[in-house]
Amino acid sequence: MLNKPVLVESLIVFVIVLFVHAVVWDRYSWCAVALAVQAFYAQFKWDRLLQLGGAVFQFRTAANSGLLPASMVIPLLGIAMKERCKSAGIVYFERFGIVVASTGMLVALFLSVIAVGITKPVPTNTCILTGVAGSIIIYTMKHSLTVSEVIEVLEVLLIFVYLSMILLYLLPRCFTPGEALLVLGGISFVLNQLIKRSLNVIEGRGDPIDFFLLVAVVGVVLLGLFFTVLFIFMDSGTWISSMFFHMMTAVLGLGVIMPWLYRLIQRNPLFWLLQFLFQTQTRVYLLAYWTFLAASACGIVFYQNAKRSSESKKHQASTVTRKYFHFIVVATYVPGLIYDRQLLYVAAVLCLAVFIYLEYIRYFRIKPFGQTLRHLLSLFLDERDSGPLILTHIYLLLGMSLPVWLFPRSCAPKGTLSGAGALVPYSGVLAVGVGDTIASVFGSTMGEIKWPGTKKTFEGTMTAIFAQIIAVALILIFDSSVNLNSSYARILASVSLVSLLEAYTTQIDNLLLPLYLQIMFMA
């Protein structure tokens, strides 16, 4: 029997796909539509496998597979980037956008083929659709990509296959298939880009902050893989193991990651970072302000845990309490977006590395803070944290940061896009910081009319749309670089579609919603 919320979610994704291609319909549009149709059918095969326990790995059980919404993110992002850079006349990044779109399509198609291959009996119709979609995509790639670009796409696919086998085995119940596609696909692409740029490094070429992001992401992932393998043979909770953990972190950081970054930026990474952070007085003020907000967030964690100790051991943080952190993140990102986006870019990378490092300490029970972190963070767990890792706070940071990191600066005159594209860096703030927060708070406290088949309310969704429109008006007032050029109808349509997607999706909305809003703003 078909799941009605999944059907509505799929319909919203199809509307977004057509929305993106409404302006320019070309051969990549046919590929995107073909991929969406076959992902829709393959999604139900994944859902059936998850219900029967027939999937190869253990996935998060409190959600559907999410294959369709996840499959379209990377291809649509690449297509939107291609069109933006083509209109700006930047050929290199236009080709890069085509590579991103092709890679996303091939990785999504691979995940669909897995579902079809392990489904018994073999679903004939889905096999035919997958074959047709694959033929269209491969035919288009053959006539669009150079040999070196085809090799790059295949490299990413190979990295994705190996990462999937390793991480999905080591981290059961942490992802749905769709979330695994987004997270592991993104890591695979970053790793391939870092290898490619390390082998072809040219002095003075490339922005150091871009290299900083690549090295930081790959560094923390490799660090986690190293300690996961190591602690198979050691008890990670002892003092000796904890001392070894901290010592090896320093060795890998100073002996591998720092020299790697030095090769890419051709200067001492620590000196460059310190000079960058304290370059202007505005940056010093922003850093002081962000430090205050970080201390406030820690204060909320300690206060809520003290409240749990005095009331009940089974006390869990409410939805409203968890949304306090969304308000703090909005207060963090908005000044950075207005006054210094480069500083926000680097600070978000540093924060991501710290969050993942602290999660390693909690997961491996590294002394002296591992057990304390387990106790403090257990208060804020929800049904999405069903695996051994706690990822919701990391997804929140990613959702706010990805629009900043993925903003096509080289294709934007004077650092900003025109029309709705000017709001691209604010996609995380609008979708997660404002929309998702307001929908949850108002929906859980005052909502009465529920959307069919979901726990989300009509009042929450409408309030979220209204709040995001107000937020756009405030951005226009306070950020002089934003010029919408009367594209208000497009902004309203984008915000409304993403808010409806929030109401029906069971995937990690902190990760999915900002990316879709960014895609529609860029299109």
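The values are calculated or read from the model by the stated rules, or taken from the named source; none is laboratory data. Since the model is a prediction, treat every value here as computed from it, not as a measurement. All Cβ positions, even for glycine, are placed from backbone atoms using ideal geometry, and neighbour counts span all protein chains on display. What goes into the accessible areas is simple: the full protein's heavy atoms, side chains included, and nothing from ligands, DNA or RNA. Shrake-Rupley method; radii C 1.70, N 1.55, O 1.52, S 1.80 Å.
Does residue 430 count as touching a helix residue (DSSP H, G or I) at 6+ places or on another chain (Cβ under 6 Å), buried (at least 24 other Cβ atoms within 10 Å of the Cβ) and modelled with pLDDT under 90?
no
Please enumerate the residues belonging to segment 445-469 that are open to solvent by less than 70 Å² (accessible area, probe 1.4 Å) and among the hydroxyl-bearing types (Ser, Thr, Tyr).
454, 457, 461, 463
One residue is enough: does segment 182-197 have a residue meeting the conditions assigned to a loop (DSSP other than H, G, I, E, B) and at pLDDT below 85?
Step one: filter segment 182-197 for residues assigned to a loop (DSSP other than H, G, I, E, B), giving none.
No, because not a single residue in segment 182-197 is assigned to a loop (DSSP other than H, G, I, E, B) and at pLDDT below 85.
Filter segment 454-499 for residues that are β-branched (Val, Ile, Thr) and closer than 23 Å to residue 21 by Cβ and give the result. Walk me through how you get there before you give the answer.
So the first thing to find is which residues in segment 454-499 are β-branched (Val, Ile, Thr), and the list is 454, 457, 461, 463, 465, 469-470, 472, 475, 477, 482, 491, 495, 498.
Across segment 454-499, the qualifying residues are 491, 495, 498.
Please find, among 117, 78, the residue that is part of a helix (DSSP H, G or I), free of Cβ contacts under 8 Å to residues at least 40 places away in the same chain and within 15 Å of residue 181 (Cβ to Cβ). Before you say what the answer is, go through the steps one by one.
Numbers: 117 fails: within 15 Å of residue 181 (Cβ to Cβ).
The conditions single out 78.
For segment 443-460, how many residues are in a helix (DSSP H, G or I), of a type outside the set (Val, Ile, Thr) and over 25 Å from the mean Cα position of the chain (by Cα)?
Pass one, segment 443-460, residues in a helix (DSSP H, G or I): 443-446, 458-460.
Right, trim to of a type outside the set (Val, Ile, Thr) and you get 443-444, 446, 458-460.
If we keep only those that are over 25 Å from the mean Cα position of the chain (by Cα) as well, we get 444, 446, 458-459.
Looking only at that region, the number is 4.
So for segment 268-290 (the condition being of a type in the set (S, T, N, Q) and at pLDDT below 85), does at least one residue qualify? Lay out the reasoning, then the answer.
Applying the first criterion (of a type in the set (S, T, N, Q)) to segment 268-290 yields 268, 275, 279-282.
Cutting the leftovers down to at pLDDT below 85 gives us none.
So far as segment 268-290 goes, no, none of its residues is of a type in the set (S, T, N, Q) and at pLDDT below 85.
Consider segment 470-506. How many of its residues are of a type in the set (S, T, N, Q) and surrounded by fewer than 16 Cβ atoms within 10 Å (Cβ to Cβ)? Don't jump to the end; show me each part of the working.
Kept after step one, since they are of a type in the set (S, T, N, Q), are these residues of segment 470-506: 480-481, 483, 485-487, 494, 496, 499, 505-506.
Narrowing the set further to residues that are surrounded by fewer than 16 Cβ atoms within 10 Å (Cβ to Cβ) leaves 480-481, 483, 485-486.
Residues that pass the stated criteria total 5.
Hey, does segment 366-379 have a residue that's assigned to a loop (DSSP other than H, G, I, E, B), modelled with pLDDT of 85 or more, open to solvent by 20 Å² or more (accessible area, probe 1.4 Å) and touching a Gly at 6+ places or on another chain (Cβ under 6 Å)?
No, the conditions are met nowhere in segment 366-379.
Picking from 44, 40, 59, 96, which residue would you name as being open to solvent by less than 50 Å² (accessible area, probe 1.4 Å), free of Cβ contacts under 8 Å to residues at least 40 places away in the same chain and either farther than 25 Å from residue 159 by Cβ or assigned to a loop (DSSP other than H, G, I, E, B) (or both)? Break it down into steps so the answer makes sense when it comes.
Numbers: 44 fails: free of Cβ contacts under 8 Å to residues at least 40 places away in the same chain; 59 fails: free of Cβ contacts under 8 Å to residues at least 40 places away in the same chain; 96 fails: either farther than 25 Å from residue 159 by Cβ or assigned to a loop (DSSP other than H, G, I, E, B) (or both).
Just a single option satisfies the conditions, and that option is 40.
When you check residue 257 against the structure, is it of a type in the set (A, V, I, L, M, F, W, C) and at pLDDT below 85, yes or no?
no
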